[in-house]
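First the structure, in the form of structure tokens, and then the observations on it.
The values are calculated or read from the model by the stated rules, or taken from the named source; none is laboratory data. A quick note: this is a predicted structure, and the numbers were derived from the prediction, not measured. Reconstructed Cβ throughout: ideal geometry from the backbone, glycine too, with neighbour counts over all protein chains shown.
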Amino acid sequence: MDSVIRRWILQNLGSDKRPVPFRPSEAMAVGLRASSNALRQLTMRTIRPAISTPVFRLATKCCQGTQDFKGASFWNVRSFHVGKESLEDESKDNTTLVHFRESKTPHPLLAKPHQQGNAELSISLNHIWSEEEIQERLDNLYQHRPKSLTDKIMHRIMWSLYRSFNWVTGFKPVNTPVRAVEWRLIVLESFAGVPGFMAAMFRHFRCLRTLQRDHGWIHTLLEEAENERMHLLICMKMFKAGFVTRCLVMGAQVLMTPFLAAIYVVNPGAVHRFVGYLEETACLTYANIIHQVQTKGTPLNEAWAHLRAPGIAKAYWKLSEDAMWIDALKCMFADESNHRDVNHTFATMNSDDPNPFVSKHRKDAAVAWRLDSQGLSADVGCHKTLEVKKKE
């Protein structure tokens, strides 16, 4: 094998001196000093059949920059060095030359964004609801039964606020005035975005203070706060807030934020239980609004049944172009039901338990990416389902 390599180097490198004896690895190092693309291709094509597999693997690792060869610069990666390591040491390395099609790791050029560590792809993307999921949640309005003393206190406080809120906004379950619903939605969504962000802030400070991990809670809480803020922005696209509404918004934040913050420092589970009860009332409100919009003859049906969904709602929930305002209301209801389940779950967990919803966020990101990449939309309020669109 050594004679074959010497003869090739004399013919291709034009050396007129008799080469001194050297090992195959040294011959490979000499070939690597060539900077021409043509010579590199010729080197690999000619030497590969003449040398053993360990030597070829060693040369390949040199090209990838995993070994250091002194004095040889190849493709401007770095210097390589053989040193005292033998070919037997190389066989101990766990690195294998597996083709990317046979590897379980996605190829960087073929992997989907949610399969990569893509910093631009957020795992906090909202869940894309289907018509079946929304209808299932509308048929099952879950309400938690308070068991402990803390649960009973939070439940009593929340329902006292709920009845007072109904009286202030003029909301009633039958033939609700349109203006009362507008006030209610703006005030509700402006306050509902506070607890999630506040809890995420306290958990962030706790991680910094205790030098410990958060175990995934912060992402879910921030996603909840962002989701409520998006609800508010979508509502603001449909109707404006007057002076009285703005005063209610500021009053709710000024009074309730310090109250919840003080409780969260002492008992985080109590705040999550309170938010769970808050989301239960939100689900009741949205379910009632949806029912009135779909019932002919009601004020909400006459005012909202013909309204188109705003563009921001279509983009956020991947709705179709012909989506209506009632479809956006259904998606908001489904989001509130999800927040209800998440907070009731957090209320039963310890602060250092791992977040069970992390995998769900990744699935949501994958579904959103698939819809965007294929130009599809959710089937909420659309006569074409995803399956029909795929066939077309």
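Annotations for the structure displayed:
- Filtered by the rule that a residue be of a type in the set (Val, Ile, Thr) and either in contact with a Leu (Cβ under 8 Å, 6 or more places away or on another chain) or touching a residue at least 60 places away in the same chain (Cβ under 8 Å) (or both), segment 276-323 gives Thr281, Thr285, Ile289, Ile290, Val293, Thr298, Ile312.
- Flag for Arg246 being among the basic types (Lys, Arg), over 21 Å from the mean Cα position of the chain (by Cα), exposed (fewer than 15 other Cβ atoms within 10 Å of the Cβ) and assigned to a helix (DSSP H, G or I): yes
- Test set (1) within 19 Å of Asn355 (Cβ to Cβ); (2) in a helix (DSSP H, G or I) - His215 fails condition number: (2)
- Check on Ala199, over 14 Å from Thr285 (Cα atoms), in contact with a Leu (Cβ under 8 Å, 6 or more places away or on another chain) and crowded, with 19+ Cβ neighbours inside 10 Å: yes
- Only residues that are over 31 Å from the mean Cα position of the chain (by Cα) and modelled with pLDDT under 90 were counted in segment 181-221, giving 1.
- Matching residues in segment 229-243 - criterion: being in a helix (DSSP H, G or I) and in contact (Cβ under 8 Å) with a residue 12 or more places away in the chain: Arg229, Met230, His231, Leu232, Leu233, Ile234, Cys235, Met236, Lys237, Met238
- Segment 305-325 - residue that is assigned to a helix (DSSP H, G or I) and either modelled with pLDDT of 95 or more or among the small types (Gly, Ala, Ser) (or both) and, of those, surrounded by the fewest Cβ atoms within 10 Å (Cβ to Cβ): Ala315
- Residues in segment 162-193 that are in a helix (DSSP H, G or I) and surrounded by fewer than 19 Cβ atoms within 10 Å (Cβ to Cβ): Tyr162, Arg163, Ser164, Asn166, Trp167, Val168, Val178, Arg179, Ala180.
- For Val265, the conditions (1) within 29 Å of the chain's Cα centre (by Cα); (2) closer than 21 Å to Glu336 by Cβ; (3) surrounded by fewer than 22 Cβ atoms within 10 Å (Cβ to Cβ) are fulfilled apart from (2).
- Residue that is modelled with the highest pLDDT [pool: residues in segment 114-144 that are in a loop (DSSP other than H, G, I, E, B) and over 23 Å from Glu224 (Cβ atoms)]: Gln116
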